[in-house]
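Structure record follows, encoded as structure tokens.
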Amino acid sequence: MTNAMQDFVGEFIGTFLLLFFGCGSVAVTVLFSAHVGLMQVALIWGFAVTIAIYATRHLSCAHLNPAVSIAMVLGRRMSLSKLPAYLTAQFAGAFAAAALLYLLLHDSIAHFEVLNSILRGSPASIKTAMMFGEFYPNPGAGASAVVTPMTAFCAEAVGTFVLVFLIFSLTEGCNLGRPDDALAPFFIGLTVAIIISIIAPLTQAGLNPARDLSPRMFSMLAGWGNAALPDRNFGFLTIYCLGPITGACFASLLFTRIVEPLMKKKKESGNMCICNEGNN
């Protein structure tokens with residue numbers, strides 16, 4: 001198997017697992033109230049990230065996210081020539097996961113729509129479209145959530161910035177304070193869960209263009225049509241695709257241009273942090 005094929009298979013499977021578990025948790029919460037509270041869904045997303053990384057990082061770098069892959073190229077952690085295979089696999093894996101979820105749940109979705117007098121494709125069908133694509137403010141957040149397009153963009157950018165910065169920190173060899181490589185996926189997943197628990201009431205916390213765009217495109221084909229779009233100003237591109245990519249690129253530049261050189265300088269100098277317990 002060629003390296004390009006290994007990269008494609010790894011990213012396809014990893015992104016498929018991430019979306020199947022993550023979007024599945026949202027779907028069963030909407031349809032069956034299977035999970036109570038935001039933190040339960042956030043933790044499932046976090047564990048999904050962890051499991052997907054462990055399952056596929058021997059094949060690819062287990063980015064599972066176009067924003068992460070672009071940030072890695074910008075930070076010279078990955079060759080630009082690898083990017084097309086990574087992006088294609090990520091979007092394809094996310095689309096396949098959405099299709100399988102719909103195959104498993106389409107009868108329950110139809111029944112839910114009948115019980116709640118929801119006509120698929122109407123504005124009211126956002127209640128079910130949110131199982132695939134994302135919306136701002138979060139349709140499940142209630143009337144208290146007020147989110148403008150600029151706020152939504154900033155939320156997605158900031159959330160992805162934090163995620164990518166911590167991915168760099170947790171995987172950079174010169175960071176002597178990082179956990180063991182075997183534990184890094186767990187802490188990356190935990191980071192995702194924490195970010196979702198804060199950002200999700202605003203935008204459902206996409207943080208990943210493939211996580212949003214591919215399931216959204218599937219839902220449009222499956223009957224939701226224009227109801228699958230968060231607004232008429234291309235919010236699905238500017239907020240849920242450009243927002244995460246912008247945040248990821250800023251994180252990459254901050255870490256590789258400022259933080260990483262400082263870490264390397266400290267490592268080379270042999271200076272270590274010493275905690276004084278106090279003088280008696």
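Quick note: the coordinates plus some simple rules give every number you see, no bench work behind them. What you see is a predicted model; the values in this text were computed from it and never measured. Neighbour counts are summed over all protein chains in view; Cβ atoms, including those assigned to glycine, are modelled from backbone coordinates with ideal geometry.
Checking the structure you have, find out if any residue of segment 70-82 is in contact with a Gly (Cβ under 8 Å, 6 or more places away or on another chain) and either assigned to a helix (DSSP H, G or I) or acidic (Asp, Glu) (or both). Checked against the condition, which is being in contact with a Gly (Cβ under 8 Å, 6 or more places away or on another chain) and either assigned to a helix (DSSP H, G or I) or acidic (Asp, Glu) (or both), segment 70-82 yields no hits at all. Of all the numbered requirements in (1) free of Cβ contacts under 8 Å to residues at least 40 places away in the same chain; (2) closer than 18 Å to Pro66 by Cβ, Pro261 misses one, and that requirement is (2). Filtered by the rule that a residue be of a type in the set (Val, Ile, Thr) and not in a loop (DSSP other than H, G, I, E, B), segment 127-159 gives Thr128, Thr151, Val158. Quick one: which residue in Ile196, Ile188 is crowded, with 18+ Cβ neighbours inside 10 Å, within 25 Å of Ala145 (Cα to Cα) and touching a residue at least 40 places away in the same chain (Cβ under 8 Å)? The conditions single out Ile196.
Take Gly121 and decide whether it is surrounded by 15 or more Cβ atoms within 10 Å (Cβ to Cβ), part of a helix (DSSP H, G or I) and touching a residue at least 24 places away in the same chain (Cβ under 8 Å). Judged against the criteria, Gly121 is not a match. With respect to the conditions (1) of a type outside the set (Phe, Trp, Tyr); (2) in contact (Cβ under 8 Å) with a residue 40 or more places away in the chain; (3) surrounded by 18 or more Cβ atoms within 10 Å (Cβ to Cβ), Ala4 lacks only one, and its number is (3).
For the structure I just gave you, tell me whether Phe168 is assigned to a helix (DSSP H, G or I), over 15 Å from the mean Cα position of the chain (by Cα) and touching a residue at least 12 places away in the same chain (Cβ under 8 Å).
Taking the combined requirement at face value, the residue satisfies it.
Does Phe236 satisfy the criteria of being hydrophobic (A, V, I, L, M, F, W, C), in a helix (DSSP H, G or I), more than 19 Å from Tyr136 (Cβ to Cβ) and in contact (Cβ under 8 Å) with a residue 40 or more places away in the chain? Here the answer is no, as Phe236 does not meet what is asked.
Restricting Ala98, Ala27, Ala94 to residues that are touching a residue at least 60 places away in the same chain (Cβ under 8 Å), of a type outside the set (Asp, Glu), under 27 Å from Phe250 (Cβ atoms) and buried (at least 22 other Cβ atoms within 10 Å of the Cβ) narrows the list to Ala94.
Would you confirm, using the coordinates I've provided, whether His58 is out of contact with any Phe, Trp or Tyr (no Cβ under 6 Å at 6 or more places or on another chain), part of a helix (DSSP H, G or I) and surrounded by fewer than 22 Cβ atoms within 10 Å (Cβ to Cβ)? No; evaluated as a whole, the condition is false for this residue.
Being over 14 Å from the mean Cα position of the chain (by Cα), within 13 Å of Ala193 (Cβ to Cβ), aliphatic (A, V, I, L, M) and crowded, with 18+ Cβ neighbours inside 10 Å is a property that Leu38 has.
Within segment 72-89, can one find any residue that is in contact with a Phe, Trp or Tyr (Cβ under 6 Å, 6 or more places away or on another chain) and surrounded by 19 or more Cβ atoms within 10 Å (Cβ to Cβ)? Before the answer, list the steps.
Filtering segment 72-89 for residues in contact with a Phe, Trp or Tyr (Cβ under 6 Å, 6 or more places away or on another chain) gives 85, 89.
In the following step, the residues that additionally are surrounded by 19 or more Cβ atoms within 10 Å (Cβ to Cβ) were identified as 85, 89.
Yes, segment 72-89 contains at least one residue that is in contact with a Phe, Trp or Tyr (Cβ under 6 Å, 6 or more places away or on another chain) and surrounded by 19 or more Cβ atoms within 10 Å (Cβ to Cβ).
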